[in-house]
């Protein structure tokens, strides 16, 4: 088995798209060698705890309405073509994702990490839910079989806050400036929402290498 480390943020549209493209390739190669682990990276580490109005955030980030519209045009077009259930119009708030990353970490302890990432992407991009809200996160946890009451209690503490922040900072110190970022076998970095064909080629090359080493 080969480790595939994925640095991502659950409010990142290209992370959502990149995950879908990766999974399309994995479905075509059910004997793929990857063991996936998700790692925290906050696009907005200084976001207020309660988040921001989405329109105000985007206009501030991209220099007004025209800039935001231009920046998001390729995202809107890609989502329409590849993930048509997504509805950006439902999103009212850009949340702080620290607690969402804590939840992804805790889900990993129950071998449900990818399920949680799926659930958070769907909650945000399809349903327009506020994934910075404690009650919403507890409900999402419940939807994948985690104990909502335990999650609520933990979210109301500082449990693992410093650890998530430290991992985010460590990623930046290693040179990560944007996500998604995929690291294959702790050696080869693949940046951005690469298409499924690239992943098929990567998987096929890895399987060939595994086969050659087995023969030797």
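The values are calculated or read from the model by the stated rules, or taken from the named source; none is laboratory data. Model, not experiment: these values are computed from the prediction. Positions of Cβ are backbone-derived with ideal geometry, glycine not excepted, and every protein chain shown enters the neighbour counts.
Miscellaneous remarks
- Residue in the stretch 166-175 that is crowded, with 16+ Cβ neighbours inside 10 Å and touching a helix residue (DSSP H, G or I) at 6+ places or on another chain (Cβ under 8 Å) present: yes
Condition check ((1) at positive phi; (2) in a loop (DSSP other than H, G, I, E, B); (3) in contact with a strand residue (DSSP E or B) (Cβ under 6 Å, 6 or more places away or on another chain); (4) touching a residue at least 12 places away in the same chain (Cβ under 8 Å)) across all residues:
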residue	(1), (2), (3), (4)
157	no, yes, no, no
167	no, no, yes, yes
183	no, no, yes, yes
193	no, yes, no, yes
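- Filtered residue count, the stretch 133-157, keeping only those that are surrounded by fewer than 16 Cβ atoms within 10 Å (Cβ to Cβ) and within 16 Å of the chain's Cα centre (by Cα): 0
- Positions within the stretch 17-42 being out of contact with any strand residue (DSSP E or B) (no Cβ under 9 Å at 6 or more places or on another chain) and closer than 21 Å to residue 133 by Cα, in sequence order: 42
- Residue under evaluation residue 123, criteria (1) within 16 Å of residue 8 (Cβ to Cβ); (2) touching a residue at least 24 places away in the same chain (Cβ under 8 Å); (3) part of a helix (DSSP H, G or I), criterion not met: (2)
- Of all the criteria given as (1) surrounded by 16 or more Cβ atoms within 10 Å (Cβ to Cβ); (2) modelled with pLDDT of 95 or more, the one not satisfied by residue 206 is (2).
- Test: residue 114 is surrounded by 17 or more Cβ atoms within 10 Å (Cβ to Cβ), assigned to a helix (DSSP H, G or I), within 16 Å of the chain's Cα centre (by Cα) and modelled with pLDDT of 95 or more: yes
- Test result for residue 116, touching a helix residue (DSSP H, G or I) at 6+ places or on another chain (Cβ under 7 Å) and farther than 24 Å from residue 54 by Cβ: no
- Number of the condition not met by residue 130 [criteria: (1) assigned to a helix (DSSP H, G or I); (2) surrounded by fewer than 21 Cβ atoms within 10 Å (Cβ to Cβ); (3) under 19 Å from the mean Cα position of the chain (by Cα)]: (1)
- Residue match in the stretch 52-63 (condition: in contact (Cβ under 8 Å) with a residue 60 or more places away in the chain and closer than 17 Å to residue 10 by Cβ): no
- Checked against (1) part of a loop (DSSP other than H, G, I, E, B); (2) touching a helix residue (DSSP H, G or I) at 6+ places or on another chain (Cβ under 7 Å), residue 84 meets all criteria but (2).
- Residues of the stretch 1-47 classified as farther than 21 Å from residue 124 by Cβ and in a loop (DSSP other than H, G, I, E, B), total: 6
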